[in-house]
Structure formats: structure tokens, C-alpha cells
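For reference, the structure discussed in these notes is given below.
What follows is calculated from the coordinates using simple rules that are stated; it is not laboratory data. Note that the coordinates shown come from a computational prediction; the quantities given were computed from them, not determined experimentally. In this analysis, Cβ positions are derived from the backbone assuming ideal geometry, glycine residues included, and neighbour counts consider all displayed protein chains.
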Amino acid sequence: MAPCGSGWLANEGSKHLSLLFWLSLNVWLFWKTFLLYYHGPQYYYLHQMLGLGLCISRASASVLNLNCSLVLLPMCRILLAFLRGSQKVASRKTRRLLDKSKTFHVTCGVTICVFSVLHVAAHLVNVLNFSVNYTEEFLALNAANYRGEDPRKLLFTTVPGLTGVLMVLVLFLMCTASTYAIRLLNYDIFWYTHNLFFVFYVLLLVHVSGGVLKYQTNLEEHPPGCFHPNTTLREDIPVPGTFEEPFPEYAPEPFPAELEPFVQNKFVRICAEEPKFQSHFPETWLWISGPLCLYCAERLYRYIRSYKPATITSVISHPSNVLELRMRKENFKARPGQYIILHCPRVSALESHPFTLTMCPTDTKATFGVHLKIVGDWTERFRDLLLLHSSQDTEILPNFQQRNYPTLYIDGPFGSPSEESLNYEVSLCVAGGIGVTPFASILNTLLDNWQCYKLRRLYFIWVCREIQSFRWFADLLCMLHNKLWQENRPDYINIQLYLSQTDGIQKIIGEKYQVLNSRLLIGRPRWKLLFDEIAKCNRQKTVGVFCCGPNEISKVLHKLSNSSNSYGTRFEYNKESFS
């Protein structure tokens, strides 16, 4: 399939336009700052001492300032949830662009790492030049105490040098622990090291207060490169009497022989005074103070909001190592498709994890719930605290027999791409395994009332490896199917269940699940045929494609959404990811 112009623009246009704007801003800042320090008269003497290391270090610092401010914005979850949920503040295109916040956060992080390497390399050259090019003519410009001072001493005894070394160590820990291999091996390492960002920003604010690099303040009284009679020259040449009179702007006669050394050194102007130098006013705080204060204020608000623990009403152990948790919390409201962050102090004092809501509170029902896949140390310890015997199938205890569950705090809810599925007339929701959780809350909402939403047709595709996994939401699917049939809307939802690994024909056990067994297929979906069928049945319409599952499925759906079809149907792709 060839790329479709309208489909590609809908899925990639805004993303690439925003990326181009961000990239252009970085290039413009780098080049503008480089030229300022290369040609700027106020940096003439400093540039003579440090060379290109000065220009590169300051240009890379400008890029770092920009990205250190932008990297925090995608982590302001409450702000993103507000923008995504507000129809007046943001259009659907803008809300879909907000779904790329995690990608933008990673992009800014990688940029910070790359330009930090460039910044450090340039400053290592600067430290060496400060030592080698020590000048007695302009003492205020020196960072070294004498010519030939050990550069390592400048690096570890000055405020900018020491804080720079510490920032490199913190950044190295954060970057290496953010790799996919580390996150997959031990998520705790990633979580703890990533929270060193606060140390990084404190060091950054201290780093820029050192005042090592200085600029000239009296350009009018002392133009760069001019001669001041009271200054002792390097060549120890006596000041000629001719300098008692200022040079004319144009001299038709050749310079006297006694002035030739000054002419050769281009000292052809007389200065009123010696150059004066002043440390730069720190600008980094102007860049990062706004986003940093916004992020800190949001974290404080989230802490206050989540201070009151939730009440666990029931715990259900499902097949294939899945745990369902149902809770209540006063004044808790959420939209279908959103997620929350769970924190259990008895499991970990600091660690917390995001989970999609599979059941949202309504006007008549205050209960909400999540499904947890038992993978990793945190979920295993949490399960052991919740269940008396982790091997038992179910544990649903009424309130009067309820055991003492551990204290559980909830942060959220926060927005996700799945929220948009109800805002399309036609939606295709594809889930892989436990990736069904974002769509479970959508199905629960449709079970309560589907008529108040724009959605009029839902294609629900669920791929699992084990037949038991379908039982997580088998009752929900059956109830929704029966409800729509009773209301004479059997075409509202198209359910297709795929069992990707099997030794033979299998069925979901239970008489009430016959309606699902008729929709159970063996193997993997034929995505190309599925998209063609949906396009044929929904000509000239926009179909929202939502995916939560393995990257292999996501890549195929993304590619097909960008491809053309002969029916004029446009597919807008949305991928679920926690930020």
C-alpha cells in the first residue's frame, strides 16, 4: 500500500511540523550564540584567550538551557490531562499531538546528553587555554592564578568545574538507567536514578553562578584591540612621544619608524582607559525557573491530592497472573481511558507505578478498578500483601468480612490517547494481552450509556496467547453484546478475539460465553484485510485507530494507517503509552 497523503498528514504532519520547529529553534540558538561569542566586541579579549572553545561551549549551553526547560513540560501530567480533556482549549489534532509528550521528553533528554558531551569537551579545552594563555595584561580575565597552573586544579576547585563534574555523573546515571535493557531488567533502578533530576537542576543553578567567563563593559572608552599608553606592552617597547597626539583617521604619509611595532600589532587607536571586565549575569534560571516551578507546583498539588488513601473494596485473582483491584475514594472522578499511579508504602517507600483504569466511577457507582499483570518485584510484593494465598482463584470479600488491606495511595487520574476513542464516529481498538485494560473502561462506559457519545461503531480486536486471558473481561463483553442486541444495535460493536498460540481448537469455558466462542479465531489478525474491510464499510469517514500492545502490532497498524485506500477512508493512529 502506498502512503496516503491525507492519512500521512493526519498522523505525521503535526508531529513533523513540531519537530521541525523545535529543531530550527535549537539550530538558531546554537548559531546565534556562536556568532555572538566569535564576533562580539565585548568578548574580543576572552575569545583571543580561549579560541573556538569559548564559542562552542556557550553555543551548546544555549541549547542545553532550552532543552532543560522543555524536558520538564511533558512530565506535567495534570496540565496535559487538562488540555487533553478540554474541548475548548485544544482541538483533536492538538490533543493527539499531546500523546507524543513521552517521545518529546525522550528527544529532549537525548539532546541534553549529546550537547552536554559537546559542552564538556569545549570547556576542557577552555580550562587548558586558561592555564596556557594566562595574561598579566588583563588579570581580571584570568581564571587561572598563574601561567601553567594544573588544569585539573581549575576543574575540581572552582564552582563551575566541580558542579559540572557532578552534573556529568548524575546525567550519566540517569541516561544509562533509562535504556530499554535496564528498564526491562530492573525498573526500580530506572525509577530511582531518574528522580535524581532534582539534584541535577540544583547543581545547574549553582553551576552558572561561578562567574568564570567575563565580558568587557567599557567598549566606548576602550574599543577592542586599541592601545592604552599606561599599559605595559608584551614587547616592553617604550611608549613613543608620537602617541601623545591621537592618530588621524587617515594618514597619507608612512608611519614613523618608532611606531612600526604598534602598527604591526594593529594598535592604531588610542584608548581612554584600560578594559574593564565583568562576570555574566546567570541566564539559565530565566530558562528553567518557569517550567521547574510549574513542575514542582504540580508535584505538590499531586501530593496533597493523593494524601488521603483509597479504600480497597475487593481483590480478584484472574488467570494468567492478573490481579483485579476495586477501590473507592471520596471525590474521585475519572474519564474512560485514563490511568492512575498506585503507591503502597508497605511495598516500597518511594516507588509507584501507573495502571490504566478498567472501571471508572459514575454518578450512581463510586467504585473504580484496575487490572495488574504480576510482572516484577513490585507487583509480586503487592499481590502477596493483598491475597492471603496467591495461588487461589478469587477472593471477593464483602465489607463486613473485609480483611485489613495495606494502605494504598492514588495519584491521578491522568489522560491517555484512549480517551479519544469515544470522540470518533468509528473507532478501531486493538489490544494485545494485558493491553486490553485501556479499552475495558471504554467498554464499561458504553455498557452504562453509549448514546451520549459520538461513537457509533466500534471494532474491538483482542489478541492473546492463552485462552484463559479472555476471561479477564469475558463477562463484560457478553453483557455489552447482549445489551446492544436488546436495543437493536447489533452492529454497534464488532468483536474479534484472536488466540495466537494454541495446540488445537480451544474455547472459552462456560455456557454464557458462547457468543464469544463464535468470535474466537485461531492465529493472528490479517491486518491488511481488516483495514480494507473497515475502509469499505466506512467510506469517506475518519476512523480512529487505537493500539495498546506489543511494538510489532503497533508498527503494522501505524504503517497501515498511513497507507492509502480506494474508499476515501482516513485512519488516524493513536498509540497508548504512559508518560
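Which cross-chain or sequence-distant (5 or more) residues have an amide H under 5 Å from the amide H of Thr367, H modelled 1.01 Å from N in plane? Residues meeting the amide H criterion: Thr362.
Which of the chymotrypsin sites (Phe, Trp or Tyr not before Pro) across the range 138-177 are loop residues per DSSP, with 15 or fewer other Cβ within 10 Å? Working shown, then result.
Numbers: sites: Phe138, Tyr146, Phe156, Phe172; in loops: Phe138, Tyr146.
Passing both the DSSP loop test and the Cβ count: Tyr146.
Per-residue Karplus couplings for the range 307-315, computed as 6.51 cos²θ - 1.76 cosθ + 1.60 with θ equal to phi - 60°, are listed in order as 5, 7, x, 8, 9, 7, 9, 7, 10 Hz, Gly and Pro entered as x. Net charge dipole, the range 21-131: roughly 840 debye, given to the nearest 20, about the Cα centre with Cβ charges of +1 for Lys and Arg and -1 for Asp and Glu. Pairs exceeding 30 Å between alpha-carbon atoms, taken from Lys333/Lys373; Lys93/Lys483; Lys93/Lys555; Lys102/Lys308; Lys93/Lys536; Lys102/Lys214: Lys93/Lys483; Lys102/Lys214.
Please find the FRET efficiency linking Met479 to Arg539, where r is the Cβ-Cβ separation and R0 is fixed at 41 Å, and quote it to the nearest 0.05.
Details: r = 32 Å, r/R0 = 0.77.
Computed FRET efficiency for Met479 and Arg539: 0.85.
The share of C-alpha pairs in the range 398-482 whose separation exceeds 19 Å stands at 50 percent. Considering all different alpha carbon pairs of the range 53-195, the Kirkwood hydrodynamic radius works out to 18.0 Å. Loop-located GluC sites (Glu not before Pro) in the range 129-235 (DSSP state other than H, G, I, E, B) with a sparse environment of at most 15 neighbouring Cβ atoms within 10 Å: Glu136, Glu137, Glu220, Glu221, Glu235. Taking the dipole about the Cα centre of the range 441-540, with the C-beta of Lys and Arg at +1 and of Asp and Glu at -1, give me whichever of Cys464, Pro525, Met479 is farthest to the positive side. Ranked along the dipole, the leading option is Pro525.
By average Cβ neighbour count within 10 Å, what is the ranking of 357-363, 308-314 from highest down? Please report the intermediate quantities before stating the final value.
Numbers: 357-363: 19.4, 308-314: 17.4.
Ranking the peptides 357-363, 308-314 by packing returns 357-363, 308-314.
Can you give the charge dipole size of the range 441-504 about its Cα centre, rounded to the nearest 20 debye, using +1 on the beta carbon of Lys and Arg and -1 on the beta carbon of Asp and Glu?
Details: 7 positive and 6 negative charges, 53 e Å.
In total the dipole reaches around 260 debye.
Highest mean first, the peptides 372-382, 432-442, 19-29 sorted by other C-beta atoms within 10 Å per residue fall in the order 432-442, 372-382, 19-29. Give the residues of the range 45-70 whose amide nitrogen is closer than 17 Å to a point set 7 Å from the Cα of Asn195 in the direction of its Cβ. Counting only backbone N, you get no residues.
Amide H contacts of His353 (H built 1.01 Å from N, in plane; Pro and chain starts excluded): Leu342 sit under 5 Å, all sequence-distant by 5 or more or on other chains. Residues in the range 278-284 carry Karplus couplings, in order, of 9, 5, 5, 6, x, 9, 4 Hz; the curve used is 6.51 cos²θ - 1.76 cosθ + 1.60 with θ = phi - 60°, and Gly or Pro positions show x.
Can you check how the C-alpha radius of gyration of the range 434-476 compares to 2.2 N^0.38 Å, as a plain ratio? The partial results should precede the final answer.
Numbers: Rg = 11.7 Å, N = 43, 2.2 N^0.38 = 9.2 Å.
Here the answer is 1.27, to two decimals.
Rounded to the nearest 20 debye, the dipole size of the range 72-225 about its Cα centre is 1400 debye, using +1 on the Cβ of Lys and Arg and -1 on the Cβ of Asp and Glu.
With q set to 0.22, 0.26, 0.27 Å⁻¹, the log10 of I(q)/I(0) for the range 279-347, from the Debye formula over equal scatterers at the Cα positions, is -1.14, -1.29, -1.32.
Using the Stokes-Einstein relation with a Kirkwood hydrodynamic radius computed over Cα pairs, the translational diffusion coefficient of the range 520-579 at 37 °C and a viscosity of 0.692 mPa s comes to 267 µm²/s. Site pair Leu20 and Thr103 shows an inter-label distance of 1.6 nm when each label is modelled 7 Å from Cα along Cα→Cβ.
Among Asn186, Leu171, Gly148, pick out the residue whose Cα is farthest towards the positive end of the charge dipole of the range 132-195, where Lys and Arg carry +1 and Asp and Glu carry -1 on C-beta, about the Cα centre. Of the options given, the answer is Asn186.
Under the simplified labelling scheme, the Ala297-Thr94 pair shows an inter-label distance of 1.9 nm, with each label point 7 Å from Cα along Cα→Cβ.
Shape class of the range 408-541 from the alpha-carbon gyration tensor: rounded, with the ratio a/c of largest to smallest axis under 1.5. Taking label positions 7 Å along the Cα-Cβ direction at both Ile304 and Ser500, the computed distance is 4.5 nm, reported to one decimal.
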